[in-house]
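Notes to accompany the following structure.
Coordinate-derived values only; no laboratory data. In this text the structure is predicted, and so the values were computed from the model without any measurement. Every residue, glycine among them, receives a Cβ derived from its backbone with ideal geometry; neighbour counts consider all protein chains shown.
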Amino acid sequence: MTFSEKFQKTTDVKHWLGDMEVDHFLYTAGIAGEAFFVALRDKGVILGTRCELCGITYVPPRIYCEHCFAELNEYTDVGLRGRVRSFTIARLGKDGNELKKPEIFAVIDFGSGTTGLLHKLGEVTPETVKVGLDVEAVLKPKSQRGGHITDIEYFRPVG
Amino acid sequence: MNLGKIHKDVAVVGAGMTLFSRRLQETGKEMSWQAAQMALDQAGLTLDDIDAVIMGSAPDAFDGVHKKGDWLIDGAGGVNKPYMRVYTGGGTAVFAPIAGWWHVASGMFERVLVVCEEKMSSCQPHAQSAFAHIWDPILDRPLKPNLVWIFAMEMQRYMHTYNVRYEDIALVAVKNKRNAVGHPCAQLADPDITLEDVINSEPMALPVRRLDISPPSDGAAALVLVSEDTAYELTNEPVWMDGVGWCIDSTMWTNRDLAFPKFVARAARMAYEMAGIKNPREEIDIAEPYDPFDYKELQHLEALGLADPGEAAIMTREGKTQRDGELPVCPSGGLLGVGNPIAATLGIKVGELFWQLSGQAGARQVPGDPAVGVAQAWGDLMQFSSVIVMRRRP
Ligand SMILES: [Zn+2]
């Protein structure tokens, strides 16, 4: 009776293997995403768009405000400095094994009223990282930047 | 169905849609925002006026984003509002506005924004690879089936059962691709296409040839729905959703009647009853049936009661379904001409009826001041249908 038995391995029953046949996905960054990544690659700056009505600066930029639907088409350089809103210290990898070195990930704000950017922290230890830490982006050299979120290597403490 | 429980009449007061294209630079969120903003502009409303948002989108595997209804929310205007995604595959195009309808008809919400989006170009090498997973993994997939097989076998059975000629079916593709010439969002409009072009196009899975099929596409569309309480404050030409219906057949496509889609007929019966339509052939002025394949337009017309089984092909040959014919069918250009970003075909079904019945269809306008239309979509595992009857009131 299959109902009453507890299988230790799912391969104990006759089975078929399958996979998702989709080879890969091709994502576009969109109108605002394109502006963001080109500026990061070519000028080494982080762009945002601001909704004056709602007082929100979207980082990375968006072409619309999600609260009032205003069209946002003026890109502003928000600078490379930000502040840690929250962080986590990752100690286990996806395989469940301990990482050689803990990795620190954070949500970073670029001044008040901005949306947060998820990124990695560097040049900081689990003992010294804290909420409210002032940080700055460390960019790859221009020749190595390809217009990716990883053109920012990490954020490190300032001051 | 308890018609006595419907509290409010529901009208469309604005519609919008983006370009349909093989690949758009815009993200799904950006497309959603563009379409939604157009619909709001037409209704003379802002996002702040909207009480609830319905998002319609087909499989996550197209955009390549899991739970994409939640992911699309900010572009759809759903942030901090009652929001739900509905999904009935290709049927979503007409089912999402039905979900919008019950939000308003129930009396719970006054103004509802319905947004539909699809970005099929994300799925590589082709959206077809995601469709492979609708097949039974044990019975069907070892045969390495292609989705087109189902359509080819339906079409074969349809032709056999009702003695329909391929040439008459192919005329649907010619008509719709020509109709799409007037559509500013069209992907495959072709003013010069001929019957020979369709007949000589690449055989896919016979009898289906390349030009019998609508193209995968990226795009978005949106509607604003309001109740009878405020419709006339917003426009002099609201278009009323007077009847809605939907129905689903067996999971196993091999168990279905391949020549006549009974579930479409049942969905239509529900919508007609609600709308008080007794004789659809007499009372319907325009039809926008789902036409992802040319033969599907014919099957759907027959199941909608607008033609006898097998007769839709003859009506097509006689020109009765042309824009200036007795029963204009797919004056938008349909999926065959405008494109097939699954859920976003909302814009060429319900959206088209809104523009046609309010006299705003421009180059596509059906002559004779049409007042009653029916929109229909078809999807899920090829066994679901949604139907809406729309009316302009004198
Ligand atoms: Zn705003």
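Seen from all sides and averaged, what is the projected area of the convex hull of the Cα atoms in chain B, in nm²? Display every interim value, and only then the final one.
On the way: hull surface 70.0 nm².
Computing the convex hull of the Cα atoms and averaging its projections yields 17.5 nm².
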*Which FRET efficiency value, to the nearest 0.05, is calculated for B:GLN25 and A:ILE89 with the Förster distance at 56 angstrom and r the Cβ-Cβ distance?*
0.90
_Under 5 Å, built H, 5+ apart or other chain: amide partners of A:VAL138_ = A:GLU153, A:TYR154, A:PHE155, A:ARG156
*Reachable aspartates and glutamates, given that their alpha-carbon falls under 18 Å from the alpha-carbon of A:LYS14 and they are not under 8 places away in the same chain*: A:GLU5, B:ASP136, B:ASP140
*Determine which residues of region B:130-147 fall in the zone a paramagnetic label at A:LEU17 would reach in this model, i.e. backbone nitrogen under 13 Å from the point 7 Å along Cα→Cβ.*
none
*asked:* Check which residues have an amide H placed less than 5 Å from B:VAL239's amide H, if you skip close sequence neighbours.
replied: B:VAL12
*What are the lysines whose alpha-carbon lies under 22 Å from the alpha-carbon of A:LYS120, with same-chain residues fewer than 8 places away excluded?*
A:LYS43, A:LYS94, A:LYS100, A:LYS101, A:LYS130, A:LYS140, A:LYS142
*Cα centroid separation, region B:23-48 to region A:56-118 (Å)*: 25 Å
*List, largest first, the extents of the alpha carbons of region B:217-257 along their principal axes, each in whole Å.*
50, 29, 12
*Quick one: which residues, 5 or more positions from A:ILE46 or on another chain, have an amide H under 5 Å from its amide H? H modelled 1.01 Å from N in the peptide plane, none for Pro or chain starts.*
A:VAL78, A:GLY79
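Give the percent of DSSP beta bridges with both residues in region A:33-159 that are antiparallel, rounded to the nearest 5. Write out the running numbers ahead of the final one.
Details: 28 of 30 bridges.
Within region A:33-159, antiparallel bridges account for around 95 percent of the total.
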*Inter-probe distance in nm under a simple model that places probes 7 Å from Cα toward Cβ, at B:TYR232 and B:THR254*: 5.8 nm
_Please compute the contact order of region B:1-58 in relative form: average sequence separation of alpha-carbon pairs under 8 Å and at least six residues apart, divided by the residue count, as a percent._
37 percent
*Enumerate the calculated ³J(HN,Hα) couplings along region B:277-283 in order (Karplus 6.51 cos²θ - 1.76 cosθ + 1.60, θ = phi - 60°), each rounded to whole Hz, writing x wherever the residue is Gly or Pro.*
8, 9, 10, x, 4, 7, 9
*Under 30 Å from the Cα of B:LYS278, which lysines turn up, not counting those fewer than eight places away in the same chain?*
B:LYS5, B:LYS8, B:LYS175, B:LYS262, B:LYS296, B:LYS320, B:LYS349
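What do you get for Rg/Rh over the protein assembly as shown if you use C-alpha atoms and the Kirkwood form of Rh? Can you show the working numbers first?
Details: Rg = 25.9 Å, Rh = 25.3 Å.
Ratio value, two decimals: 1.03.
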*Other chains near B:127-136: what is the mean number of their Cβ atoms within 10 Å of each residue's Cβ?*
2
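Specify the longest stretch of chain A that does not include any exposed loop site, a site being one of the trypsin sites (Lys or Arg not before Pro) with a non-H, G, I, E, B DSSP assignment and at most 11 other Cβ atoms within 10 Å.
Working: sites that count: A:LYS6, A:LYS9, A:LYS14, A:LYS94, A:LYS130.
Here the longest segment lacking exposed loop sites spans A:15-93.
Between B:ARG210 and B:MET84, what is the FRET efficiency for a Förster distance of 30 Å, r being their Cβ-Cβ separation, to the nearest 0.05?
Values: r = 37 Å, r/R0 = 1.23.
Taking R0 as 30 Å, the efficiency between B:ARG210 and B:MET84 is 0.20.
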*From the phi of every residue in region B:92-99, what ³J(HN,Hα) in whole Hz does the Karplus formula 6.51 cos²θ - 1.76 cosθ + 1.60 yield, where θ is phi - 60° and glycine or proline is x?*
4, 4, 10, 7, 4, x, 5, 4
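I'd like the per residue volume of the convex hull spanned by the Cα atoms of region B:131-229, given in cubic angstrom. Show your work: numbers first, answer last.
Details: hull volume 19.3 nm³, N = 99.
Hull volume normalised by residue count: 195 Å³.
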*Which FRET efficiency value, to the nearest 0.05, is calculated for B:ASP51 and A:THR128 with the Förster distance at 41 angstrom and r the Cβ-Cβ distance?*
0.25
*Most mobile of B:ILE213, B:ILE150, B:ILE248 per a Gaussian network model of chain B (Cα springs, under 10 Å)?*
B:ILE150
*For region A:10-157, max minus min Cα coordinate along each principal axis, in Å, sorted largest first?*
62, 40, 35
*B:GLU202 versus A:SER112: modelled label distance in nm, points set 7 Å from Cα along the beta carbon direction*: 6.0 nm
_Test of understanding: in a Gaussian network model of chain A with alpha carbons linked when under 10 Å, which of A:THR128, A:THR88, A:THR114 would top the mean-square fluctuation ranking?_
A:THR128
*What is the helix-to-structure angle for A:30-43, meaning the angle in degrees between its Cα long axis and the longest Cα principal axis of chain A, kept from 0 to 90 and rounded to the nearest 10?*
70 degrees
*Working out 0.36 nm times the residue gap between B:ASN279 and B:LYS144, then minus their Cα-Cα distance, what length gain in nm do you get to one decimal?*
44.2 nm
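When a/c is below 1.5 the answer is rounded, else prolate if a/b is larger than b/c, else oblate, so apply that to region A:11-60 with a ≥ b ≥ c taken from the square roots of the Cα gyration tensor eigenvalues. Let's see the in-between values first.
Numbers: a/c = 4.54, a/b = 2.65, b/c = 1.71.
Since a/c reaches 1.5 and a/b is larger than b/c, the shape of region A:11-60 is classed as prolate.
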*asked:* Per residue of region B:151-165, what does 6.51 cos²θ - 1.76 cosθ + 1.60 with θ = phi - 60° give for ³J(HN,Hα)? Whole Hz please, x for Gly and Pro, Karplus curve as stated.
replied: 5, 4, 6, 4, 5, 4, 5, 4, 4, 5, 5, 10, 6, 9, 8
